[in-house]
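Trainee: Sharing a structure below in structure tokens format, with a few things to ask.
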Amino acid sequence: MPVAHCEWGPNGVLAFRDRVAALVIVDVLSFSTAVDISTARGAQIVPFPLGDQVSADEAAKAAGAVLASPKRAAGGQYSLSPASLQTIASGTRLMLPSPNGSRLSLMGGSAAVFAGCLRNARAVAQAARALGGDVAVIPAGERWRSDDSLRPAIEDLLGAGAILDALDLPLSPEARVARDVWLGARDDFADVIRASLSGQELIGRDFAQDVELAVASDASHAAPRLRDGAYSA
């Protein structure tokens, strides 16, 4: 019987991409949430690792995509802010640079890659399980500014746990712990995320709406899958 696994960040992807049918990238604040909101409206999201503007401009042109703002923005300008994508038009092809979720998305190798979050946990779990093989759920985490090392982020751990719970598969020990964290926190997970380091950082920068969109559990039926370089529902 297929098994569900869970490991963090780039090394987690590398450990499982050749061993599983599906990888689920979980970057709750905010790449995966932005992908869910966009694809649920019929847009396509082209992941691109955060880098220099010239490379991003060239890549967007090559992909036939509109390039999102390199900084989180709201109101009339597409960006990594989920709030900025709530009115994105169906058929839009948007290149969305991000330091974590985009980079992991592009490392998936031969596995099917999904963007999972709290909004679409059940839908993504159903789509990944339908492939019939092992599933690896990858919480992206954040990066410490001091040395760019991985910072495990509780919003991604909770998102991964929600997806693992919805998969209803036998769990590796690591996946079981992530699932159990979700079960223990699900009654007040939204308050936990609001109070987290990532949540407080966004709220302090006037992006509280992004946090509220991210904690809307199972608000979406989209299961964004990466095909031909772009996520679509």
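Values in this text are rule-based calculations from the coordinates and carry no lab data. This structure is a prediction, so every number in the text was calculated from the model and none was measured. As a convention, Cβ positions derive from the backbone with ideal geometry for all residues, glycine included, and neighbour counts pool all protein chains shown.
Trainee: Hey, among ALA230, ALA214, which residue is under 20 Å from ALA125 (Cβ atoms) and either surrounded by fewer than 17 Cβ atoms within 10 Å (Cβ to Cβ) or small (Gly, Ala, Ser) (or both)? Step through it out loud before you land on a result.
Mentor: Details: ALA230 fails: under 20 Å from ALA125 (Cβ atoms).
Within the list ALA230, ALA214, the selection yields ALA214.
Trainee: Tell me the residue from ALA222, ALA160 that is surrounded by 21 or more Cβ atoms within 10 Å (Cβ to Cβ) and in contact with a strand residue (DSSP E or B) (Cβ under 7 Å, 6 or more places away or on another chain), please. Give the steps one after another, and end with the answer.
Mentor: Working: ALA222 fails: in contact with a strand residue (DSSP E or B) (Cβ under 7 Å, 6 or more places away or on another chain).
One residue alone meets the criteria, ALA160.
Trainee: Filter the range 105-150 down to residues that are free of Cβ contacts under 8 Å to residues at least 40 places away in the same chain and either surrounded by 18 or more Cβ atoms within 10 Å (Cβ to Cβ) or of a type in the set (D, E, K, R) (or both), then give me how many there are.
Mentor: Taking the range 105-150 and keeping what is free of Cβ contacts under 8 Å to residues at least 40 places away in the same chain, we get 130, 144-149.
Still in the running and either surrounded by 18 or more Cβ atoms within 10 Å (Cβ to Cβ) or of a type in the set (D, E, K, R) (or both): 145, 147-148.
Adding up the residues that qualify gives 3.
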